[in-house]
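Participant: Below you will find the structure I want to go over with you.
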Amino acid sequence: QSKLVESGGGLVQPGGSLRLSCAASGFTLRGSAVGWFRQAPGKGREGISCITNFGASKNYADTVKGRFTISRNNAEDTAYLEMNSLKPEDTGIYYCVLRNVAYCQDYENQDTVLYWGQGTQVTVSS
């Protein structure tokens, strides 16, 4: 059965860093844009980043721009989200997604998501 598997979440203090990984199993990330969504408690899912098929273009939500970096390694069929200078408001469940397109236009639109990962919890707290 096809899977998108995130890892790397956990508890971190404000100002700290985490690196999330996303690995494909049973299918490939190649040929599709990869994105990251997050869902804070009591809120809907927020599209925070996207990377195009070959990594030529990257998009970031204003809430994370300058602090988060998305990347991918197509040879290893993995994608990453490096999160720095974390804030308490970054707390939430983070989802890796495979888009049904190769580009990142309208990346925040959940209708473009082909597969969702299971999610990994990120908690930023003292």
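Participant: If region 62-126 were replaced by its equivalent ellipsoid, with semi-axes equal to the square roots of 5 times the Cα gyration tensor eigenvalues, what would those be, largest first, whole Å?
Facilitator: After diagonalising the Cα gyration tensor, the semi-axes are 22, 14, 13 Å.
Participant: Can you give me the distance in nm between label points at residue 106 and residue 89, each placed 7 Å from the Cα along the Cα-to-Cβ direction?
Facilitator: 2.8
Participant: Calculated FRET efficiency, residue 30 and residue 69, Cβ-Cβ r, R0 30 Å, to nearest 0.05?
Facilitator: Efficiency, rounded to the nearest 0.05: 0.90.
Participant: Tell me the per residue accessible area of the chain using a 1.4 Å probe; a whole number in Å² is fine.
Facilitator: Result: 49 Å² per residue.
Participant: Would you mind computing, in nm to one decimal, how far apart the modelled labels at residue 39 and residue 62 are, each placed 7 Å from Cα along Cα→Cβ?
Facilitator: 2.5
Participant: With a 1.4 Å probe and all protein chains left in place, how much of the accessible area of the chain comes from carbon and sulfur atoms, in whole percent?
Facilitator: 46
The values are calculated or read from the model by the stated rules, or taken from the named source; none is laboratory data. Bear in mind the structure is a predicted one, so any value in this text is a computation, not a measurement. Cβ sites come from the backbone with ideal geometry, for glycine too, and all protein chains shown count toward neighbours. Ligands, DNA and RNA are stripped out before the accessible areas are found, and what is left, the full protein with its side chains, is counted by its heavy atoms. Shrake-Rupley method; radii C 1.70, N 1.55, O 1.52, S 1.80 Å.
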